[in-house]
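Novice: Can you keep this structure in mind? I'll have questions shortly.
The values are calculated or read from the model by the stated rules, or taken from the named source; none is laboratory data. Keep in mind that this is a model prediction, so the values were computed, not measured. So basically every Cβ, Gly included, is an ideal-geometry build from the backbone, and we count neighbours across all protein chains shown.
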Amino acid sequence: MEARDREGWGTRSGFILAAIGSAVGLGNMWRFPYVTAENGGAAFVFFYILMVLLVGVPVMLAEFTIGRRTRLSPIGAMLKAGGRAWMPLGYLFVATGFLILSYYSVIAGWTMRYTLEAALGGFSTTPAEYFSAASEGTSAVIYHLAFMGITIAVVAGGIKMGIERASLVLMPLLFLLVMGLAIWAIFLPGAEAGYSFYLRPNPQRLFSLETLGAAAGQAFFSLSLGMGAMLTYASYLSKQEDLPSAGVTIAGSDFLVAFLAGMVVFPVIFALGLSDEIGESTIGALFISLPRAFTAMGDGGRIIGLIFFSALFVGALTSGISLLEVVVSSLIDTWQLPRATAALGAGLVITLIGVPSAYSTNVLAIFDQVAGNLFLVFGAFALTIFVGWRMDYPVTELQQGFRSEGLLRGWHFTLKFFVPIILAVVLYQVGKDTTLVLYQVVKDILALVF
Ligand code: PHE
């Protein structure tokens, strides 16, 4: 499709809200608290902030640069900006979108179920058993289908009428919900222990390679980086847009919501003495300990729980939309498919790929490790090398709409030297973690067969 008949955002805030919508999601409220807990609390939070600022924001601007320069979706964009040699990176982005959305939708399905549960009958009194029943099996598949159905409908609606309109309503709503919850949590008796775990770093845990790797993986996942989502959203932008300021606004809002989610989850968990449960740090930590806490608080807790899980659902929806949009925009640009056909076709395939994750959280965890960690870090690394070393005039592209050339040169220098070095270290660490996970899988399968 030629750039001139390409769709675009209706307003500047439409783009920013949609990009925030992509960033803010399960990554902030489900993944961030549990990865924080897994990595010892405040020390991780410290690393995470560094990663968002020093690596996340530069990589986000790199994606923006490619997207707005080419005004194409990932595959075409990499071809146009880098030639045939860089096209496989575009394919990797689309594949990552497929894989992440396939299990992301399963978790989003749980949030739908919990929201309905809270609205209709209250949470179960045996949340651990309830979670195992809800998270695996036929009912998980049904909610997964429902979530994919809604996501497909919005993406089929297009940029202005679908994605922009949904984000305009949903993002402010989510912000208010999480903010309200964080204020409510301050008054919980016993909340201090939660704040101290969350905010007071333990010096012994600082400077470990594992924490660094986890912080980087989490930063990319949460900021929707390394798989072309931000690239795609920027491809619908006009040339006048001030991209650096937009990047800082988006990353800042994403961090704020993750931080606030921690300000809800940790006080609640410590106030109710559930910290042992999150120490075990399973995928289900949030879905088990929070309902327990909400039930312990009586009728009021049920309402708070309803608010919490609806916020989670809202965040998941706007993120799921961006994951599907990466795939759909590529089908539109590369194969000239009509939008609705592309959304439905891609959506159905993704739904199928997600079915195994809906049957087993172990499968889900493997998908998250491979696509949600390794592929994103690798994608970000390759992108950085491309924009730092191969792309023509990236600084000039960002200068339209942003005057400070010095800052932009600093950004480019960072992309050339600093970010790739950090990412190489992170890639080594995440590669090692992923190999361990896959090795375990092979061993389990062999044990099952023989
Ligand atoms: N950033 C989203 C979240 O935090 C997930 C996501 C990852 C969306 C990659 C798009 C691309 O939930």
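Novice: Could you check, for the range 63-86, whether at least one of its residues is within 16 Å of the ligand (Cβ to nearest atom), in a helix (DSSP H, G or I), of a type in the set (Phe, Trp, Tyr) and closer than 24 Å to Ala215 by Cα?
Specialist: yes
Novice: Determine whether the range 432-446 contains at least one residue that is closer than 23 Å to Gly82 by Cβ, surrounded by 11 or more Cβ atoms within 10 Å (Cβ to Cβ) and in contact with a helix residue (DSSP H, G or I) (Cβ under 7 Å, 6 or more places away or on another chain).
Specialist: Checked against the condition, which is being closer than 23 Å to Gly82 by Cβ, surrounded by 11 or more Cβ atoms within 10 Å (Cβ to Cβ) and in contact with a helix residue (DSSP H, G or I) (Cβ under 7 Å, 6 or more places away or on another chain), the range 432-446 yields no hits at all.
Novice: List the residue pairs whose Cβ atoms are under 7 Å apart, where the first residue sits in the range 217-242 and is closer than 15 Å to Ala62 by Cα, the second is part of a loop (DSSP other than H, G, I, E, B) and among the polar types (S, T, N, Q), and the two are 6 or more positions apart or on different chains.
Specialist: Met230/Ser224; Thr232/Ser73; Ser235/Ser73
Novice: Moving on. Looking only at the range 200-216, decide whether some residue is among the aliphatic types (A, V, I, L, M) and within 26 Å of Met87 (Cα to Cα).
Specialist: Within the range 200-216, one or more residues are among the aliphatic types (A, V, I, L, M) and within 26 Å of Met87 (Cα to Cα).
Quick grid of which residues meet (1) assigned to a helix (DSSP H, G or I); (2) under 19 Å from Ala81 (Cα atoms); (3) at pLDDT below 90:
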| position | (1), (2), (3) |
| --- | --- |
| Leu398 | yes, yes, yes |
| Phe402 | no, no, yes |
| Arg409 | yes, no, no |
| His412 | yes, yes, no |
| Phe417 | yes, no, no |
| Pro420 | yes, no, no |
| Leu427 | yes, no, no |
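Novice: Identify the single condition in (1) of a type in the set (Ser, Thr, Tyr); (2) in contact (Cβ under 8 Å) with a residue 12 or more places away in the chain; (3) out of contact with any Gly (no Cβ under 6 Å at 6 or more places or on another chain) that Thr151 does not satisfy, given that it satisfies every other one.
Specialist: Failing condition for Thr151: (3).
Novice: Name the helices (runs of 4 or more DSSP H) wholly inside the range 266-382 in which the number of residues that are in contact with a His (Cβ under 8 Å, 6 or more places away or on another chain) and either touching a residue at least 60 places away in the same chain (Cβ under 8 Å) or not basic (Lys, Arg) (or both) is 3 or more.
Specialist: It comes to 339-359.
Novice: Quick check on this structure: which one of Leu188, Leu170 is modelled with pLDDT under 80, of a type in the set (A, V, I, L, M) and buried (at least 16 other Cβ atoms within 10 Å of the Cβ)?
Specialist: Of the residues listed, the single one that is modelled with pLDDT under 80, of a type in the set (A, V, I, L, M) and buried (at least 16 other Cβ atoms within 10 Å of the Cβ) is Leu170.
Novice: Considering (1) within 14 Å of the ligand (Cβ to nearest atom); (2) within 26 Å of Ser404 (Cβ to Cβ); (3) crowded, with 24+ Cβ neighbours inside 10 Å, say which one Gly247 fails and leave the rest.
Specialist: Looking at each condition in turn, Gly247 falls short on (1).
Novice: Additional query: Identify the single condition in (1) in contact with a Gly (Cβ under 7 Å, 6 or more places away or on another chain); (2) under 20 Å from Pro33 (Cα atoms) that Phe123 does not satisfy, given that it satisfies every other one.
Specialist: It is condition (2) that Phe123 fails.
Novice: Considering only the range 315-336, state which residues are within 15 Å of the ligand (Cβ to nearest atom) and surrounded by fewer than 24 Cβ atoms within 10 Å (Cβ to Cβ).
Specialist: Leu317
Novice: Please find, among Ala311, Ala346, the residue that is closer than 25 Å to Ala118 by Cα and within 16 Å of the ligand (Cβ to nearest atom).
Specialist: Result: Ala311 is the single residue among Ala311, Ala346 that is closer than 25 Å to Ala118 by Cα and within 16 Å of the ligand (Cβ to nearest atom).
Novice: Would you list the helices (runs of 4 or more DSSP H) that sit entirely within the range 1-55 and hold 1 or more residues that are under 26 Å from Met112 (Cβ atoms) and within 16 Å of the ligand (Cβ to nearest atom)?
Specialist: 12-23, 32-38
Novice: Can you tell me which residues in the range 337-363 are over 21 Å from the mean Cα position of the chain (by Cα) and β-branched (Val, Ile, Thr)?
Specialist: Thr341
Novice: Ser102 is checked against (1) modelled with pLDDT of 95 or more; (2) more than 15 Å from the ligand (Cβ to nearest atom); (3) closer than 30 Å to Ile75 by Cα; (4) not hydrophobic (A, V, I, L, M, F, W, C) and fails just one. What number does that condition carry?
Specialist: Looking at each condition in turn, Ser102 falls short on (2).
Novice: Check Leu436 against each of (1) more than 22 Å from Gly90 (Cβ to Cβ); (2) modelled with pLDDT under 95; (3) within 16 Å of the ligand (Cβ to nearest atom) and name the one condition it does not meet.
Specialist: Among (1) more than 22 Å from Gly90 (Cβ to Cβ); (2) modelled with pLDDT under 95; (3) within 16 Å of the ligand (Cβ to nearest atom), Leu436 violates only (3).
Novice: Hey, another quick one. Those residues that are part of a loop (DSSP other than H, G, I, E, B), away from the ligand (no atom under 16 Å from the Cβ) and among the aliphatic types (A, V, I, L, M), I need them from the range 184-240; list them, please.
Specialist: Leu188, Leu206, Leu237
Each row is one residue, and each column tells you yes or no for (1) modelled with pLDDT of 95 or more; (2) over 30 Å from Ala365 (Cβ atoms).
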| residue | (1), (2) |
| --- | --- |
| Tyr34 | no, no |
| Glu38 | no, no |
| Gly41 | no, no |
| Phe44 | no, no |
| Leu61 | yes, yes |
| Arg71 | no, yes |
| Ala77 | yes, yes |
| Trp86 | yes, yes |
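Novice: Please give the number of the condition Ser196 fails out of (1) closer than 20 Å to Ile321 by Cα; (2) surrounded by fewer than 21 Cβ atoms within 10 Å (Cβ to Cβ).
Specialist: Result: Ser196 passes all but (1).
Residues are listed down the side, and each one gets a yes or a no for (1) closer than 24 Å to Gly158 by Cβ; (2) modelled with pLDDT under 95:
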position	(1), (2)
Ala214	no, yes
Ala219	no, no
Ser222	no, no
Met230	yes, no
Ala246	yes, yes
